[in-house]
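Please read the structure below before turning to the comments.
The values are calculated or read from the model by the stated rules, or taken from the named source; none is laboratory data. These numbers were taken from a predicted model, which means no experiment stands behind them. As a convention, Cβ positions derive from the backbone with ideal geometry for all residues, glycine included, and neighbour counts pool all protein chains shown.
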Ligand SMILES: [Ca+2]
Ligand SMILES: [Ca+2]
């Protein structure tokens, strides 16, 4: 008799558990994990399903890698005409109100830069105004001819709003076209 009662109780318990299920059974968390029926969102996401992206407080660019640059200027001359040694790469990052990064030391120059090689610039800038047009400029430093009044010569630039490129919070952002390519290594900070 006791065993029989126990069996009934166990059956009801099973039916009870089966009908309730887990509180996370019907909860979908797009960028997060369900805990007790509520989505716990990954960094950068919000909303009931963690499907809305937060706007970062700032984007930190740790390095800019030049993977392609105009190896010969458009007139097919060399960058350093006096010795035909080739371009000495530097990077400048700015918008219309601020210079975020510019070269201040000869050590930061990629002297006589080779083609087809990654040239990495540790820039470490943080950009808060993600809707601003940011200008990523590749320049030639005239290390070979100090009589030039303009020490930096324009080579190429990309003008981009970071807000157009951070969907899904990628760790690298690439700007590329037929003349040049740069790759940014980025991280995101949220309030
Ligand atoms: Ca040179
Ligand atoms: Ca030069």
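Taken together, 105, 111, 80 contain a single residue that is modelled with pLDDT under 80 and either within 16 Å of ligand 2 (Cβ to nearest atom) or at positive phi (or both), which is 105.
Which residues, counting only those in segment 83-102, are over 24 Å from the mean Cα position of the chain (by Cα) and more than 9 Å from ligand 2 (Cβ to nearest atom)? Scanning segment 83-102 gives 83, 84. Scanning segment 127-142 for residues that are crowded, with 16+ Cβ neighbours inside 10 Å and either farther than 22 Å from residue 107 by Cβ or at pLDDT below 75 (or both) yields 127, 130, 132, 134, 135.
Within segment 60-77, can you find the residues that are modelled with pLDDT of 80 or more and more than 16 Å from ligand 1 (Cβ to nearest atom)? Listed by number, the residues that qualify are 60, 61, 62, 63, 64, 65, 67, 68. Within segment 169-191, the residues that satisfy the criterion of being assigned to a loop (DSSP other than H, G, I, E, B), surrounded by fewer than 16 Cβ atoms within 10 Å (Cβ to Cβ) and touching a residue at least 60 places away in the same chain (Cβ under 8 Å) are 179, 190, 191.
When 82, 118, 142, 177 are checked against the criterion of being over 30 Å from residue 31 (Cα atoms), touching a strand residue (DSSP E or B) at 6+ places or on another chain (Cβ under 9 Å) and within 16 Å of ligand 1 (Cβ to nearest atom), a single residue qualifies: 142.
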